[in-house]
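Just so it is clear, none of the values below were taken in a lab; they were calculated from the coordinates. Source: prediction; values computed, not measured. Please note: Cβ atoms are built from the backbone with ideal geometry, for glycine as well, and neighbour counts cover all protein chains shown.
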């Protein structure tokens with residue numbers, strides 16, 4: 001596609017429910033990143049995928065968070081048993097891959113846990 | 001890991017003024033990007049600038065990698081420049097993950 005696409009744009013969920021957030025990277029980009037941005041804060045790294053390699057999960061805040069990337073393209077971030085502190089904007093980015101390549105971001109998914 | 005510090009944290013300008021935003025980093029890098037996050041939350045790529053100087057319209061950026069800093073210049077600011085400006089770096093040594101500073105929040109008044 002022309003840019004990184006994320007869905008849904010907004011998600012309101014009840015505490016304790018599971019949610020899935022989707023990211024469709026730029027065509028041909030092998031690297032994909034998930035970040036989280038809480039209100040008024042900077043970007044917190046969550047997870048990184050590069051091609052078929054094992055993902056770097058070092059930023060995931062708890063075992064309630066997981067992500068997968070199917071066929072080296074679309075990625076899904078899953079949050080189980082959501083808590084109010086999970087409320088944030090979840091941003092996805094992709095790049096050509098390799099060291100130091102330019103990253104491009106989607107518009108984000110705003111998650112609100114009530 | 002690498003530390004990225006941005007200054008100032010907040011900046012308020014009158015339309016037409018010039019400004020300089022700074023990004024300091026604690027270790028050598030092989031990439032540096034500047035982003036503008038608009039009021040709708042979208043991160044817009046401004047510059048991919050591991051070293052040297054680049055210009056794009058009223059914006060320009062300079063990275064001095066040997067001294068571990070980058071500067072973003074905004075000239076003749078406009079209200080549409082409002083938002084948060086982020087610097088992100090890839091640390092040298094094979095880092096694949098951009099590390100972000102906390103950003104500079106800019107408000108331009110008409």
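Some notes on this structure:
- Surface/4 estimate of mean projected area, convex hull on alpha-carbon atoms of region A:24-86, nm²: 4.8
- Under Stokes-Einstein, with the Kirkwood radius over Cα pairs as Rh, the value for the protein assembly as shown at 20 °C and 1.002 mPa s is 119 µm²/s.
- Semi-axes of the equivalent ellipsoid for region B:49-110, Cα gyration tensor, largest first, Å: 25, 15, 8
- For region A:44-81 versus region B:1-62, the gap between their alpha-carbon centres in whole angstrom: 28
- Inter-label distance for residue B:92 and residue A:5, nm, one decimal - labels placed 7 Å from Cα along Cα-to-Cβ: 4.1
- Label point of residue A:41 set 7 angstrom out along Cα-Cβ; within region A:78-114, amide nitrogens under 19 Å from it belong to A:78-93, A:108-114.
- Using a simple spin-label model with pseudo-atoms 7 Å out from Cα toward Cβ, residue A:70 and residue B:44 lie 3.5 nm apart.
- When the Gaussian network model of chain A links Cα atoms closer than 10 Å, the mean-square fluctuations of A:71, A:59, A:40 top out at A:40.
- Peptide A:92-104 has a mean of 5 when you count, residue by residue, the C-beta atoms of other protein chains within 10 Å of its C-beta.
- Cα point-scatterer Debye curve for region A:72-114, base-10 log of I(q)/I(0) at q = 0.16, 0.23 Å⁻¹: -0.56, -0.87
- Top of B:43, B:72, B:21 by mean-square fluctuation, Gaussian network on chain B, Cα under 10 Å: B:43
- Counts of other chain beta carbons within 10 angstrom of each beta carbon in peptide B:42-51 average 3.
- Look at the alpha carbon pairs under 8 Å that are at least 6 residues apart: their mean separation over the length of chain B gives a relative contact order of 37 percent.
- All alpha carbon pair distances within chain B were sorted into 10 Å bins beginning at 0; the resulting P(r) in whole percents reads 16, 50, 28, 6, 0.
- Most fluctuating residue given options B:61, B:17, B:88, as computed from a GNM of chain B linking Cα atoms under 10 Å: B:17
- Kirkwood-based shape ratio for region A:1-43, expressed as Rg/Rh from alpha carbons: 1.02
- Rg/Rh, computed from the Cα trace of chain A with Rh as the Kirkwood radius, has the value 0.95.
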